[in-house]
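Report on the following structure.
The values are calculated or read from the model by the stated rules, or taken from the named source; none is laboratory data. Nothing here was measured: the structure is a model prediction, and the numbers come from that model. Neighbour counts are summed over all protein chains in view; Cβ atoms, including those assigned to glycine, are modelled from backbone coordinates with ideal geometry.
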Amino acid sequence: MESSGLMIGLVLAGYLLGGIPFGIVVSKAMGLPDPRTVGSKNVGFTNVLRVSGKTAGILTLIGDMGKGWVMGVAAAQLFQDEWMILTVALAPFLGHLFSPFLGFKGGKGVATALGSVLGVAPTIGLTLLAIWLAAVAVWKYSSGGALAAFGLFPLIAAVVHPTLPFTLFAVVVSGLIVIMHKGNIERLWRGTESRIGQRG
C-alpha cells in the first residue's frame, strides 16, 4: 500500500512536471515570441528552434527531455515492479501532451518520451535517439525522424526488452506520438513539411 501511495504521488508529480511547457518558459525568459503564436504554433523543440534559434531550441529540448528523464530515473530507483516504474515514466509524457497549464493541450511528446525511455531503459533510449538523429540527418525532417524512431520502438522493445509491461508502454507511447503527428504525416505525404533549419 505504501508503494502504491508513493506511485500515485509520483504519477501526479510527473504529470504536473510534464505539463510545464518549456518552449513557452524559455521563449518568455529570453524575450522571444510565444511559440503558440508563430511558425507551426507548437510548443516543442522543433518549432522553437525554427522560429527562435538554436539556443532557445536546445534549452527547450533539454527541459522537455529532462522532465521525462527525471521521472524515469526516479521510478527505476524507487520501485522494483515494472508496471509501477513504467506508469510513473508515462506520466510526464501524458502531461506534455495534455498540459493542465495549457487547457489540456500541449506538444507532440517526442523529447519527453525520449527522456522517459532514457530514464528507464538507457540502451533503448539511446537507440531511439540514434535513429531519430540518423533519419533527420538524411531527410532533414524532425517529424520524419520522430516517426521513424517511435515507429520502430515497439519492435525494438519486443526484441531487446520483451516483457509485457515494456512492450505495452512502447505501443502506447508510439501510438500517441503517431496520432499527434497526423498533420505532419499529411504534410510529409504532400511534400510540404518544413525541414530542420528552415525558418518560418
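Each residue in the stretch 151-200 was checked for being exposed (fewer than 12 other Cβ atoms within 10 Å of the Cβ) and in contact with a Lys or Arg (Cβ under 9 Å, 6 or more places away or on another chain), and 4 pass.
State yes or no: is P92 modelled with pLDDT of 95 or more, surrounded by fewer than 18 Cβ atoms within 10 Å (Cβ to Cβ), within 17 Å of the chain's Cα centre (by Cα) and under 23 Å from V173 (Cβ atoms)? I'd like the intermediate steps shown before the answer.
On the way: modelled with pLDDT of 95 or more: yes; surrounded by fewer than 18 Cβ atoms within 10 Å (Cβ to Cβ): no; within 17 Å of the chain's Cα centre (by Cα): yes; under 23 Å from V173 (Cβ atoms): yes.
Here the answer is no, as P92 does not meet what is asked.
Here is a yes/no grid of residues against (1) closer than 17 Å to G57 by Cβ; (2) not in a loop (DSSP other than H, G, I, E, B):
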site: F101; (1), (2): no, no
site: T123; (1), (2): no, yes
site: V136; (1), (2): yes, yes
site: A149; (1), (2): no, yes
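If you go through the stretch 35-50 and keep only what is farther than 17 Å from K140 by Cα, among the aliphatic types (A, V, I, L, M) and either within 16 Å of the chain's Cα centre (by Cα) or outside any loop (DSSP other than H, G, I, E, B) (or both), you end up with just V43. Going by what's in this entry, would K67 be described as in a helix (DSSP H, G or I), closer than 30 Å to E193 by Cβ and touching a Phe, Trp or Tyr at 6+ places or on another chain (Cβ under 9 Å)? Taking the combined requirement at face value, the residue satisfies it. Taking the stretch 40-73 as the range and being more than 10 Å from G14 (Cα to Cα) and in contact (Cβ under 8 Å) with a residue 60 or more places away in the chain as the test, the residues that pass are S40, N42, V43, G44, F45, T46, L49, R50, V51.
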